[in-house]
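Visitor: Please read through the structure below; I'll follow up with questions.
The values are calculated or read from the model by the stated rules, or taken from the named source; none is laboratory data. Keep in mind that what you see is a predicted model, and the values were worked out from it rather than measured. As a convention, Cβ positions derive from the backbone with ideal geometry for all residues, glycine included, and neighbour counts pool all protein chains shown. When the accessible area is computed, the model is the full protein with side chains, heavy atoms only, and any ligands, DNA or RNA have been set aside. Shrake-Rupley method; radii C 1.70, N 1.55, O 1.52, S 1.80 Å.
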Amino acid sequence: MSAEDEQSGWQLTESDPGVFTELLKTLGVPLVVDDLYSLDPASLFEMQPLHAFIFLFKWVGSSAEPTAGQYDPDFPGFFAHQVVNNACATLAVMNALGNIPGLPMGSPLSDLISFTAGMDPQTRGMAITSSDWLREAHNALSPPSAISLDGLGLPKTTEDAYHFIVYMPYMGCVYEFDGLKQHPVNHGPFSESGEGWVAKAREVIEARIATYPAGALEFSLLSLREDPVPRLQAQLAELQASGRQSEASELIVRLSTENSKRERWNFENSLRRHNYVGFVHALLVALAKSGRLETAKEGAKKAMRERAEKRNERGEASMEED
């Protein structure tokens, strides 16, 4: 992590549905985030009702004008600029939540959105990223690195930068909310029939994905949707009460899958919260006392050299090992 990132106070966030869902829970919002592996109608139908798509991609700079759609400088909804490093994940979430009518939310979030009403995007972005409680919620599952390489005189390397944006419906059109762009991007109206806004969003996202080389893994897609567990529980109770056990069995399987996913998210989030510095220190001391530290060190250096060679073969920049 660079000194600039440390000064901003916002840490890097993983593109992980469990991390986003935990953030939503902290914000008092009854929505969840799920991975999307396909945009086909059948897959998206299973996730309805959908509120937005969160798109993560490799950022290589932005042009003055959008490559697709048109800027909407008179956009009447909620839109905030990204004004500090590493805040794009939470800012993408905020730009989505602020444009969902009637969405239940916790008092701190409701107060923040109300407070920023009428602000221009730059000022709103500054107000959002100056919110201590929101920054703490963002950082809860992405604690700062315990080890900094700054000031050691090591060769500077260029790291890939990734960025979160949102696609969602607003007033009959599909909009793109990118905190690094001057205005929201209007991708045009959608038909209320059939899949509704999802069909238009699919068209826009697939066109964007098509600009990447075949087989590229430089992007990912997440869905922001209503938590299906309460609905499944209500449907299950209704089926069981009416004696429709066959249909109830299918719902039990789906409910079990959702609960298992949440258990996995909770476990992974508990690992993210843990501080491993003490463990690493104890391990190094144990290796030194047993006389195996030098062997482990040489093995690590060999592995690092091999990894650097593979990166060089792929034409990627790598840090020279000491």
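Visitor: Of the residues VAL29, VAL93, VAL33, VAL83, only one is under 21 Å from LEU222 (Cβ atoms) and either among the charged types (D, E, K, R) or touching a Ser or Thr at 6+ places or on another chain (Cβ under 7 Å) (or both); which?
Guide: Of the residues listed, the single one that is under 21 Å from LEU222 (Cβ atoms) and either among the charged types (D, E, K, R) or touching a Ser or Thr at 6+ places or on another chain (Cβ under 7 Å) (or both) is VAL33.
Visitor: Run down HIS187, HIS138, HIS163 and say which single residue is at pLDDT 95 or above and either outside any strand (DSSP E or B) or open to solvent by less than 30 Å² (accessible area, probe 1.4 Å) (or both).
Guide: Being at pLDDT 95 or above and either outside any strand (DSSP E or B) or open to solvent by less than 30 Å² (accessible area, probe 1.4 Å) (or both) holds for just one of HIS187, HIS138, HIS163, which is HIS187.
Visitor: Just to be sure before I move on: is PHE267 closer than 22 Å to ALA137 by Cα, among the aromatic types (Phe, Trp, Tyr) and either in contact with a strand residue (DSSP E or B) (Cβ under 7 Å, 6 or more places away or on another chain) or free of Cβ contacts under 8 Å to residues at least 12 places away in the same chain (or both) in the structure I sent?
Guide: yes
Visitor: For the list (1) more than 17 Å from LEU23 (Cβ to Cβ); (2) in a helix (DSSP H, G or I), I need the number of the one condition that GLY243 fails.
Guide: The one condition GLY243 does not meet is (2).
Visitor: Okay, moving on. Using the structure shown, decide if PHE53 is closer than 25 Å to GLY196 by Cα and under 20 Å from the mean Cα position of the chain (by Cα).
Guide: Here the answer is yes, as PHE53 does meet what is asked.
Visitor: Oh, and also: From the list SER270, SER246, SER223, exactly one residue is hydroxyl-bearing (Ser, Thr, Tyr) and over 23 Å from MET47 (Cα atoms). Which is it?
Guide: SER270
Visitor: Take the residues in region 107-123 that are exposed (fewer than 14 other Cβ atoms within 10 Å of the Cβ) and in a loop (DSSP other than H, G, I, E, B), then tell me which one is farthest from the chain's Cα centre (by Cα).
Guide: GLY118
Visitor: Something else: Residue pairs, Cβ under 6 Å, 6 or more apart or interchain, first in region 100-128 and over 24 Å from GLY172 (Cβ atoms), second open to solvent by 60 Å² or more (accessible area, probe 1.4 Å). List them.
Guide: Matching pairs, first to second residue: PRO108/TRP133.
Visitor: Suppose the filter is within 28 Å of HIS163 (Cα to Cα), modelled with pLDDT of 85 or more and of a type in the set (Ser, Thr, Tyr); does SER256 pass it?
Guide: It is false that SER256 is within 28 Å of HIS163 (Cα to Cα), modelled with pLDDT of 85 or more and of a type in the set (Ser, Thr, Tyr).
Visitor: Please determine whether any residue of region 86-103 is part of a loop (DSSP other than H, G, I, E, B), closer than 30 Å to HIS281 by Cα and at pLDDT below 95.
Guide: yes
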